[in-house]
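The values are calculated or read from the model by the stated rules, or taken from the named source; none is laboratory data. The shown structure was predicted, so the numbers you read here are calculated from the model rather than taken from an experiment. Neighbour counts are summed over all protein chains in view; Cβ atoms, including those assigned to glycine, are modelled from backbone coordinates with ideal geometry. The accessibility values were calculated without ligands, DNA or RNA, using every heavy atom of the protein model including side chains. Shrake-Rupley method; radii C 1.70, N 1.55, O 1.52, S 1.80 Å.
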Amino acid sequence: FPVMVGSWRLYKDMPIEKEVEAVLKADDTLSREYVNPNGEGVYVFMAFFTTQRAGQAPHSPKNCLPGAGWEKVESAVIPVTVPGRQAPIEINKYVVAKGSDEDVTLYWYQSRDRIIASEYAAKFWLVADSIRYHRSDTALVKVEVGVRDGDIAAATKTGISFIQTAFPVIRHHLDRKS
């Protein structure tokens, strides 16, 4: 995955804890922080699964974040216009708080050329693709932005800006894996 994505540059690679890797069981991961010229930063996490058998499957941030002590503030599905697609993609917006910290988490599941926000729809397509194509590969794509001064809208805008810039690169890399 490139160190420059549009005007966003790699700030640092983030190691994934061994315990998290053991639970996740992903075939490939990306865990990085990127910053733009305005100094706004995002954390990007991608987990790719060649197959969703034998306990290998994406874990929903709606389960993992509360398990790590974060409390839900807001949960919604939002449309995001991205290059290369006529219709906007629908992704999850999940706002969480832990003490005085707040984060906006934007995420989706990506299988083949399908972008899926709903965990239930992801399971449906897993079954359908397994039967029809004998495939169960998928990826979880997650972009997190820290909320500054209680401004959830600004953090959301920053995350969407990164997604709009990075989507063609993300799509290209995930298409190569599947």
Scanning for something closer than 21 Å to V96 by Cα, modelled with pLDDT of 90 or more and part of a loop (DSSP other than H, G, I, E, B), does region 13-25 turn up at least one residue?
yes
Within region 2-53, can you find the residues that are open to solvent by 50 Å² or more (accessible area, probe 1.4 Å), without any contact (Cβ under 8 Å) to a residue 12 or more places away in the chain and over 17 Å from the mean Cα position of the chain (by Cα)?
V3, M4, E17, K18, E19, A22, N38
Would you say S136 is polar (S, T, N, Q) and either in a loop (DSSP other than H, G, I, E, B) or at pLDDT below 95 (or both)?
yes
Of the residues in region 68-83, those that are open to solvent by less than 70 Å² (accessible area, probe 1.4 Å), outside any strand (DSSP E or B) and either closer than 18 Å to Y43 by Cα or not hydrophobic (A, V, I, L, M, F, W, C) (or both) number 4
